[in-house]
1. For the chain, modelled as a Gaussian network with Cα springs under 10 Å, which listed residue fluctuates most, Q249, Q172, Q327?
2. For segment 129-203, what are the per-bin percents of Cα-Cα distances with bins 10 Å wide, up to the bin holding the maximum?
3. Between A310 and F346, what length comes free when the chain is fully extended (0.36 nm per residue of separation minus the Cα-Cα distance, one decimal in nm)?
4. Share of Cα-Cα pairs in segment 261-381 beyond 17 Å, in percent?
5. Run lengths n ≥ 4 of DSSP H only: what is the helix-derived mean residue ellipticity at 222 nm for the chain, with -39500 (n - 2.57) per run over all residues, to the nearest 500?
6. Using Cα-only point scatterers and the Debye equation, what is log10 of I(q)/I(0) for segment 209-260 at each q in 0.17, 0.20 Å⁻¹, rounded to two decimals?
7. Given springs between every Cα pair under 10 Å in a Gaussian network model of the chain, which of G326, G77, G279 has the largest fluctuation?
8. Enter the Cα centre distance for the pair segment 270-325 and segment 339-384, rounded to the nearest angstrom.
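Nothing in this text is a laboratory measurement; each read-out follows from the coordinates by a stated rule. No experiment lies behind these values; they were computed from the predicted model shown. A quick note on method: Cβ atoms are made from the backbone with ideal geometry, for glycine too, and the neighbour counts reach across all protein chains shown.
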Amino acid sequence: MRKKYIMAPGPTEVPAEVLVEAAKPVIHHRTPQYRKILTEVVDGMKYVLGTENNVFVIGASGTGAMEMAVANTVNAGDKVIVASIGVFGDRWEAIAKVYGANVVKIAAEWGTAVKPAELKKALDENPDAVAVFTTLNETSTGVYNDIEAFGKLTVNHKAILVVDGISGIGAQPFYMDKWNVDIIAVGSQKGLMIPPGLAYIAASKKAWAVIENCKSPKFYFDMKKYEKAATKEKMPDTPFTSAVSLVCQQAAALKLIKEEGIEKVWERHEKLSKAVREGIKALGLELFAKENPAVVLCSVVVPEGIDGKALMKKIRDEYGISMAGGQGKMEGKLLRIGTLGYTDRFDAVMGVAAAEMALKDMGAKIEVGKGVKRTMEVLMEEKY
């Protein structure tokens, strides 16, 4: 028998007290009992996002929230700026083009972030841009963007700031209102510690002025429907059938986050990711992130002569740990070790140990135990 673990940047492990919520009888979604739980989730998400704006709960993946953001703000022919640092930044471009947008793209070298000066230049050169679409944390490369700096640029510009926070929310600092973020899109299966299937979106007053004038066709993703349902009575509701069991699980997971405290959650992720990065470096391996390294994963360049796909398969099938490989142009060239969501110090040690063992088995010239030792040292230095 082998235990199975997930150390990918999503989906992530789910706490036992959250898993059991799915085994309970389903509550009807148009009852006060359910709407009380939905209220807990909405209030909890406001806490996690640092916002007073309404948060809508959607039965969808995180990409559904991304499409909702575009469908409600972009008319055919509108100019938008996409600040991309990897696969998921490029997804903004793809969705925007489906809705007929004229895309001005800032494409950072993979492994680096978009510089605020680059965004400022794009905004200055495109005063008619209606939106900036970007990513809080890019899991394909292991890099995060400085969203706070971006918000300081867009706050006095016509364009709204729309952020994919799917992997970063619940793991790294984020303040929607304080940072002048106009729309945030989130998914449930990462830092929020439940299975895939829910998405969340919140919009500022500035964003609502754009939403009210958007003519793009939509039905299920019409934010006006969600706003009407959320505000028609004392407790929030949804315009369509809710994923009831997932919402109940989210309420339980948000309770755990509140008990730990969101700042402590961020601190935990920072310490775990640092320990894994230092352990990997101690093995003599190269980190792919050249700057702004993510706290949700460690992206490792696979050593010369090692098949990256075979490495990931070996770790999964022989050691029982699901990690992630490279995406897009880095397919087969990266190993991505997740430190996201329901993780603690011994997950960090286990992840580095599995990478060490698999690489050694495949002929890499590394010293077994050196990475694990350094990982443990950092965790002890950080008093975690």
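1. Among Q249, Q172, Q327, the largest GNM mean-square fluctuation belongs to Q327.
2. 20, 53, 24, 3
3. Numbers: separation 36, 0.36 × 36 = 12.96 nm, distance 2.49 nm.
Length gained between A310 and F346: 10.5 nm.
4. On the way: 3761 of 7260 pairs.
Cα-Cα pairs in segment 261-381 separated by more than 17 Å: 52 percent.
5. Details: 13 runs with 158 residues, N = 384.
Counting only the DSSP helices, I get -13000 deg cm²/dmol.
6. Result of the Debye calculation: -0.73, -0.86.
7. Result for the chain, Cα springs under 10 Å: G77 fluctuates most.
8. A separation of 10 Å, based on Cα centres.
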